[in-house]
Amino acid sequence: ELDGERVFALVQRYETLAGEPRFEAHRRYADVQYLAAGSELIAAAPLAALSVTEAYDAARDVCFGAVPAGRASRLALAAGELAILYPEDAHAPRLAAGAPAPVTKIVVKVEIK
């Protein structure tokens, strides 16, 4: 917790995934995704391109969906780099940059009003 529910950080450790991306979107928070170790790709697309497959859950501030092929950009992150994703950005983190590999990421959630 950095500033109550307005700004807080999540430390994540996982193995990146190969295959089709699962996009997510938020309404209440922007994500500052800092890669502390490893490398990954994040697919990002305009929110309007997202076809929702799991309705928005206000308690978790997330909905999930898919984006048509060719509508998303891929951001490559290496250790020490970050991406800022706003509520208008549908995004699919955790994508393998090559073969699946372990990463450590810090996601700072910043409330947008």
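Values for this structure:
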| item | result |
| --- | --- |
| Members of region 55-78 that are open to solvent by less than 60 Å² (accessible area, probe 1.4 Å) and assigned to a loop (DSSP other than H, G, I, E, B) | Asp61, Val67, Ala72 |
| Number of the exception - Val52 against (1) in contact with a Leu (Cβ under 9 Å, 6 or more places away or on another chain); (2) in a strand (DSSP E or B); (3) surrounded by fewer than 17 Cβ atoms within 10 Å (Cβ to Cβ) | (1) |
| Matching residues in region 65-83 - criterion: being over 18 Å from Gly38 (Cα atoms) and within 11 Å of the chain's Cα centre (by Cα) | none |
| Residue in region 16-44 that is surrounded by the fewest Cβ atoms within 10 Å (Cβ to Cβ), counting only those that are part of a strand (DSSP E or B) and polar (S, T, N, Q) | Ser39 |
| Filter pass, Gly4 being within 17 Å of Val108 (Cβ to Cβ) and either small (Gly, Ala, Ser) or open to solvent by 40 Å² or more (accessible area, probe 1.4 Å) (or both) | yes |
| Extreme residue, farthest from Pro21 (Cα to Cα), among residues of region 36-73 that are charged (D, E, K, R), touching a residue at least 12 places away in the same chain (Cβ under 8 Å) and out of contact with any helix residue (DSSP H, G or I) (no Cβ under 6 Å at 6 or more places or on another chain) | Asp61 |
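The values are calculated or read from the model by the stated rules, or taken from the named source; none is laboratory data. No experiment lies behind these values; they were computed from the predicted model shown. Every residue, glycine among them, receives a Cβ derived from its backbone with ideal geometry; neighbour counts consider all protein chains shown. What goes into the accessible areas is simple: the full protein's heavy atoms, side chains included, and nothing from ligands, DNA or RNA. Shrake-Rupley method; radii C 1.70, N 1.55, O 1.52, S 1.80 Å.
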